[in-house]
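One structure is given below, encoded as structure tokens.
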Amino acid sequence: RLSTNSKHSFSTKASMQEVSDVPSTSMNSFFSVSSCDDIQPKQNEILKESGRIFQGKREGVFVQHFSNGDVFKGTFVNGAKSGDWEERYYSGNIFSGKYENGKENGIWTMKFANGTIATGLFVDGQQTGTWTFQYANGNVCSGKVESGKKIGEWTMTSGGQEFKANYDLSNNPKWVSELGLIGNFHKGNKHGQWLYQPNSIITHTLYYQNDMRQGPYTEVIGNEIMQCLFKQNEQVSEFKSIGKNGEFYDLDEMSGWKINGVKVGYWLENNGGVMEQGEYIDGMREGIWLNQGSGKVIKKMFKRNVVVQVMEQ
């Protein structure tokens, strides 16, 4: 048997990060196959390993200890990884599955330190087929992968509702339920602005930060625009009317909420004497906006800050 403090670098699959529902710098990448975290090198030296060398090649069961604290255990056949392997990363992630001729092949299970469990298929070292993520909060996400990239329609089950997102249309698609709830998930948690928009009409909006309500909550009840503020999932201001939908007031300045300097939620604005009211989503106008100028009331439909339809009332 061999026990050595090897000084050579041994190329490994680094700790893959779980799928994120936010934009990726690598287009539509499914996993980040780079480093375990910001301080881990892309290749780590093996500090020591135990196993058998036969004719200059690793053979049989090996345990490898890497310089950053990762520990891998599995079988080599003729110098290539083969059969069952378990990879324990210093981050707390544990990945287990099969290798064939040095490449991941077959079903792998990835247990992340935050409680997420990912399960899916590798073929010749590439994620492919159906992958499923079970999150610590009970949410479940699943969909298809091709050459390591998310494709087609993905499904997220959360709070008894089913949300869908299409990765053929966008690298960072919105998740939409049959009831008309629209928003983003980040690692299984609701995050950012969510809105209820049945029949293209926004009736209420709210904000989440890691599954907790954080920011303004706005709801149109009858003709009243009602609003309050949440912090850390607790309502901290009175739920009160900020005006009537479609009615205008003599405002000297704008009225609404900002998060990190970005307009969000329902706003009443005075733009050079033109009175306007409508919804901002991440700083961009969305849905129906009303404006009154020169004695006329104009209704405009916005999509991501662009006017797509104009109607006079």
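The values are calculated or read from the model by the stated rules, or taken from the named source; none is laboratory data. The model shown is predicted, which means the values in this text are computed figures rather than measured ones. Note: ideal-geometry Cβ built from the backbone for every residue, glycine included; neighbour counts use all protein chains shown.
Counting only residues that are part of a strand (DSSP E or B) and touching a strand residue (DSSP E or B) at 6+ places or on another chain (Cβ under 6 Å), the range 186-213 holds 13 of them.
Tell me, which residue of the range 262-313 that is acidic (Asp, Glu) and farther than 16 Å from residue 225 by Cβ is nearest to the chain's Cα centre (by Cα)? Selected residue: 282. Summed over the range 134-155, residues that are surrounded by 17 or more Cβ atoms within 10 Å (Cβ to Cβ), in contact (Cβ under 8 Å) with a residue 60 or more places away in the chain and of a type outside the set (Gly, Ala, Ser) total 4. Return yes or no: is residue 236 at pLDDT 80 or above, surrounded by fewer than 15 Cβ atoms within 10 Å (Cβ to Cβ) and under 20 Å from residue 213 (Cβ atoms)? Yes: the conditions hold for residue 236. Among the criteria (1) over 17 Å from the mean Cα position of the chain (by Cα); (2) free of Cβ contacts under 8 Å to residues at least 12 places away in the same chain, the one residue 170 does not fulfil is (1).
Residue count for the range 114-141 under the criterion of being of a type outside the set (Ser, Thr, Tyr) and in a loop (DSSP other than H, G, I, E, B): the result is 8. Filtered by the rule that a residue be outside any strand (DSSP E or B), of a type outside the set (Gly, Ala, Ser) and within 14 Å of residue 46 (Cβ to Cβ), the range 69-89 gives a lone residue, 70.
Among the residues of the range 91-100, is any free of Cβ contacts under 8 Å to residues at least 40 places away in the same chain and assigned to a loop (DSSP other than H, G, I, E, B)? Yes: one or more hits.
The criterion of being modelled with pLDDT of 80 or more, among the polar types (S, T, N, Q) and on the phi > 0 side of the Ramachandran plot holds for residue 210. Only a single item in (1) in contact with a Pro (Cβ under 6 Å, 6 or more places away or on another chain); (2) under 26 Å from residue 83 (Cβ atoms) is not met by residue 165, and it is number (2). Of the residues 297, 306, 262, the single one that is among the β-branched types (Val, Ile, Thr), more than 14 Å from residue 193 (Cβ to Cβ) and modelled with pLDDT of 85 or more is 306. Kindly indicate whether any position in the range 162-173 is of a type outside the set (Lys, Arg), modelled with pLDDT of 90 or more and in contact with a Cys (Cβ under 7 Å, 6 or more places away or on another chain). No, the range 162-173 contains no residue that is of a type outside the set (Lys, Arg), modelled with pLDDT of 90 or more and in contact with a Cys (Cβ under 7 Å, 6 or more places away or on another chain). Which condition number does residue 247 fail, the rest of (1) over 25 Å from residue 304 (Cβ atoms); (2) within 22 Å of the chain's Cα centre (by Cα); (3) at pLDDT below 85 being met? That leaves (2) as the condition not met.
Of everything in the range 148-166 that is small (Gly, Ala, Ser) and touching a strand residue (DSSP E or B) at 6+ places or on another chain (Cβ under 8 Å), the residue that is nearest to residue 190 (Cα to Cα) is 158. Within the range 51-68, the only residue that satisfies the criterion of being within 20 Å of residue 112 (Cβ to Cβ) and part of a loop (DSSP other than H, G, I, E, B) is 68.
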